[in-house]
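Heads up: the structure comes next, in structure tokens.
The values are calculated or read from the model by the stated rules, or taken from the named source; none is laboratory data. Source: prediction; values computed, not measured. Note: ideal-geometry Cβ built from the backbone for every residue, glycine included; neighbour counts use all protein chains shown.
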Amino acid sequence: MPTSSASTTDASAKPTAGGGGVQSLERAFDLLERMADAGGEVGLSELSAASGLPLPTIHRLMRTLVACGYVRQQPNRRYSLGPRLIRLGESAARLLGTWARPYLARLVEETGETANMALLDGDEIVYVAQVPSKHSMRMFTEVGRRVLPHSTGVGKALLAYTPADEVRALLARTGMPAATEKTITTPEGFLDALEQVRKVGYAVDDNEQEIGVRCLAVSVPNSPTAAAISISGPAGRVTEALTESIVPILQGVAAELSVALQSQSPA
């Protein structure tokens, strides 16, 4: 029976110097992360250059990931993330959303508006949790909904500290369609918006995803996976005048959520 690259007789499967990790697993997950950072599709030479691993090692690991369904080889011989990752990602996102719900509920109590949690999944924003406002007129975003980052407050919060060249590459892949007449539709405009997020510590979607809706968002600091939380409501209620009082609440809840998420992660 042929042995796979994950066999414990493989030199790459030896425990790492840290004592507890398996090198071949660490390398495989590193390659998956690098593929995700590159937009989901790469060539072996690109992975070798980015990771510093020799081509034979990468080829062996990728063969195993392809056999398991976590990576797919395209007709052009490049590799893309495979369908089995979707199930893992959806399960992890649901669990993350479950942990976040009590914190989102506090946001609703303290601000009166709908609270959301979102992640950056590949090039898209995916909403993983929501607690609706108690107002009869309220915002609703379906959990699991995917949108492009350039028209959302959570997208700005999540990308604020991403290098400009990576942001430009993402925007080139997704395009910047206008959801409303106020949507930012140029890379320069979006990069200016990210600079403003870094300056003030929060992001705003001012009628950019939907006319009549205003959102305030912050990233969850030091989260095990990049995440952002937001409140959204009618622009007539989520006014600029109220922003000053809402943002500290958002930031405080994000800090507490960060501690809770880190406590769920292995040391």
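For the stretch 176-195, taking the residues that are exposed (fewer than 12 other Cβ atoms within 10 Å of the Cβ) and touching a residue at least 24 places away in the same chain (Cβ under 8 Å), the one that is farthest from V126 (Cα to Cα) is identified as E181. Within the stretch 147-169, residues that are over 20 Å from V238 (Cα atoms) sit with their Cβ atoms under 8 Å from residues that are buried (at least 24 other Cβ atoms within 10 Å of the Cβ) and among the basic types (K, R), at 6+ positions apart or across chains, in these pairs: P149/K156.
Listed by first and then second residue, the pairs linking a residue in the stretch 24-41 that is in the same structural domain as L53 (by TED's automatic domain parsing) and at pLDDT below 80 to a residue that is outside any helix (DSSP H, G or I) and not aromatic (F, W, Y), with Cβ atoms under 6 Å apart and 6 or more places separating them unless they lie on different chains, are G40/S80; G40/L81; G40/G122. Within the group R146, R173, R168, which residue is surrounded by fewer than 16 Cβ atoms within 10 Å (Cβ to Cβ), at negative phi and touching a strand residue (DSSP E or B) at 6+ places or on another chain (Cβ under 6 Å)? Just one listed residue meets the conditions, R146. Across the stretch 56-91, the qualifying residues are those that are surrounded by fewer than 12 Cβ atoms within 10 Å (Cβ to Cβ) and assigned to a helix (DSSP H, G or I), and the one among them that is modelled with the highest pLDDT is P56. Residues considered: R237, R214. Of these, the only one that is outside the structural domain of E33 (by TED's automatic domain parsing), in a loop (DSSP other than H, G, I, E, B) and over 18 Å from the mean Cα position of the chain (by Cα) is R237. Restricting K199, K182 to residues that are part of a loop (DSSP other than H, G, I, E, B) and out of contact with any strand residue (DSSP E or B) (no Cβ under 6 Å at 6 or more places or on another chain) narrows the list to K182.
Let's see how each residue does on (1) at pLDDT below 90; (2) out of contact with any helix residue (DSSP H, G or I) (no Cβ under 8 Å at 6 or more places or on another chain); (3) within 24 Å of E33 (Cβ to Cβ):
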site	(1), (2), (3)
S219	no, no, yes
N222	yes, no, yes
A235	no, yes, no
E240	no, yes, no
I249	no, no, no
E256	no, no, no
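Going residue by residue through the stretch 225-232, is there one that turns out to be of a type outside the set (S, T, N, Q) and either modelled with pLDDT under 95 or assigned by TED's automatic domain parsing to the domain that holds G39 (or both)? Yes: one or more hits.
The set of residues in the stretch 180-232 that are farther than 18 Å from S133 by Cβ and of a type in the set (K, R) comprises K182, R198, K199.
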